[in-house]
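Okay, so here's the structure we're looking at.
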Amino acid sequence: MPDKGKIYITEFDLKRLKELIKVAEEFGDKRVVRYLEELDEELDRAEAMKPQEIPDDVITMNSTFRLRDVDTDQETVYTLVFPGDADSARGKISILAPIGTAVLGYKIGDMIEWEVPAGRKRFKVEQIVYQPEAAGDYHR
């Protein structure tokens, strides 16, 4: 996999996600440990910023965004949420899902790759439909 660059995250989201990882590792399902480790690795390379300073073209927690599958040209809109709010039928993907971990902190125009059982998926971030920080909602 290519060397990954810097991603951006709010200080608030970083704190909540680190707490989520800690609790999930202690009390959670052992089958998600790999996903927790991947999320923790992503957070370790993230640049934490005050919510008011985060660029409005970055996928943060509770952001709604449009991805384009590079191989099929199909576009899908998702909202990145905490596990308790996940609802795949409504496009709400958990931060602990492989795609959720993969998109956190990426910007419009970025290419995202991740492994799925059928192989490697490649997506491009096309649009941020809604970002809480850009809307002034700093503690969502």
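I'm trying to understand the selection: among the residues of the stretch 29-62, which are at pLDDT below 90, outside any strand (DSSP E or B) and among the hydrophobic types (A, V, I, L, M, F, W, C)? Within the stretch 29-62, 32, 33, 36, 39, 43 meet the criteria. Checked against (1) free of Cβ contacts under 8 Å to residues at least 12 places away in the same chain; (2) under 16 Å from residue 132 (Cβ atoms); (3) among the aliphatic types (A, V, I, L, M), residue 23 meets all criteria but (2). When only residues in the stretch 99-140 that are of a type in the set (Gly, Ala, Ser) and touching a strand residue (DSSP E or B) at 6+ places or on another chain (Cβ under 8 Å) count, which is surrounded by the fewest Cβ atoms within 10 Å (Cβ to Cβ)? Result: 109. Residues that are part of a loop (DSSP other than H, G, I, E, B) and more than 19 Å from residue 60 (Cβ to Cβ) within the stretch 72-117 comprise 72, 73, 74, 117, listed in sequence order. Mind checking which residues of the stretch 95-111 are of a type in the set (Val, Ile, Thr), at pLDDT 90 or above and over 15 Å from residue 41 (Cβ atoms)? Residue satisfying the conditions is 108 alone.
Conditions (1) touching a residue at least 12 places away in the same chain (Cβ under 8 Å); (2) closer than 15 Å to residue 14 by Cβ, marked per residue:
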residue: 62; (1), (2): yes, yes
residue: 89; (1), (2): no, no
residue: 118; (1), (2): no, no
residue: 126; (1), (2): yes, no
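Scan the stretch 88-97 and give yes if some residue there is surrounded by fewer than 19 Cβ atoms within 10 Å (Cβ to Cβ) and in contact with a Leu (Cβ under 9 Å, 6 or more places away or on another chain), otherwise no. Yes; the residues of the stretch 88-97 include at least one that is surrounded by fewer than 19 Cβ atoms within 10 Å (Cβ to Cβ) and in contact with a Leu (Cβ under 9 Å, 6 or more places away or on another chain).
Among the residues of this structure, residue 124 does not count as one that is over 24 Å from residue 44 (Cβ atoms) and touching a helix residue (DSSP H, G or I) at 6+ places or on another chain (Cβ under 8 Å).
The values are calculated or read from the model by the stated rules, or taken from the named source; none is laboratory data. Small disclaimer: the values here were computed from a predicted structure and weren't measured. As a convention, Cβ positions derive from the backbone with ideal geometry for all residues, glycine included, and neighbour counts pool all protein chains shown.
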